[in-house]
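Heads up: the structure comes next, in structure tokens.
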């Protein structure tokens, strides 16, 4: 049974962009093939709640090989995109005093439906534990009104060491 909705995705207006691709890049470090978050469409620090999306394209690097003839977005990429959503929140609020937020782990992850090219994958996230050494966000992913995955993303502070 899926968890209760953090927010009904039907309530989101994905045309009202809070941060576009360039805005996401100001906070998140990922580039090129590893950019998996196209926009932020809800940002509510008072409730530790945010939402964003990934447009799943036919020309992405994984389409040819996962699975030939019936491409399915790999679960690991769904988790990475969700982590990027959380990283945006953590970085924009300067919750962790660090150079950037690292992917510290996953808990309670479930995949509920396949995601195929040509859809918009909407993420809703809520920070549920805020600490200077770790942040945990519960995230849910939707294609239209169908919850396709959910889980808890753990973020941790990383600092570049100078040599």
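Looking at 45, 2, can you tell me which residue is touching a residue at least 24 places away in the same chain (Cβ under 8 Å), within 22 Å of residue 147 (Cα to Cα) and surrounded by fewer than 19 Cβ atoms within 10 Å (Cβ to Cβ)?
2
Considering only region 144-160, state which residues are in a strand (DSSP E or B) and either in contact (Cβ under 8 Å) with a residue 40 or more places away in the chain or buried (at least 21 other Cβ atoms within 10 Å of the Cβ) (or both).
147, 148, 149, 150, 151, 152, 153, 154, 155, 156, 157, 158, listed by residue number.
Only one of these is farther than 20 Å from residue 24 by Cβ and touching a strand residue (DSSP E or B) at 6+ places or on another chain (Cβ under 7 Å): 150, 131. Name it.
150
Have a look at 52, 91 and point out the one that is modelled with pLDDT under 95, buried (at least 17 other Cβ atoms within 10 Å of the Cβ), outside any loop (DSSP other than H, G, I, E, B) and in contact with a helix residue (DSSP H, G or I) (Cβ under 7 Å, 6 or more places away or on another chain).
Step by step, each of 52, 91 is checked, and only 91 is modelled with pLDDT under 95, buried (at least 17 other Cβ atoms within 10 Å of the Cβ), outside any loop (DSSP other than H, G, I, E, B) and in contact with a helix residue (DSSP H, G or I) (Cβ under 7 Å, 6 or more places away or on another chain).
Listed here are the residues, each with its yes/no results for (1) over 18 Å from residue 39 (Cβ atoms); (2) in a loop (DSSP other than H, G, I, E, B).
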position: 73; (1), (2): no, yes
position: 80; (1), (2): no, no
position: 83; (1), (2): no, no
position: 113; (1), (2): yes, yes
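Give me the pairs: first residue in region 86-114 and at positive phi and touching a residue at least 60 places away in the same chain (Cβ under 8 Å), second residue crowded, with 17+ Cβ neighbours inside 10 Å and outside any loop (DSSP other than H, G, I, E, B), beta-carbon distance under 7 Å, and six or more apart or on different chains, which are they?
Hits for this filter: zero, empty list.
Quick one: residue 71 ticks every box in (1) farther than 23 Å from residue 26 by Cβ; (2) touching a strand residue (DSSP E or B) at 6+ places or on another chain (Cβ under 9 Å); (3) without any contact (Cβ under 8 Å) to a residue 60 or more places away in the chain; (4) surrounded by 17 or more Cβ atoms within 10 Å (Cβ to Cβ) bar one, so which box is it?
(2)
The values are calculated or read from the model by the stated rules, or taken from the named source; none is laboratory data. From a predicted model like this one, the values you see are computed outputs, not experimental measurements. All Cβ positions, even for glycine, are placed from backbone atoms using ideal geometry, and neighbour counts span all protein chains on display.
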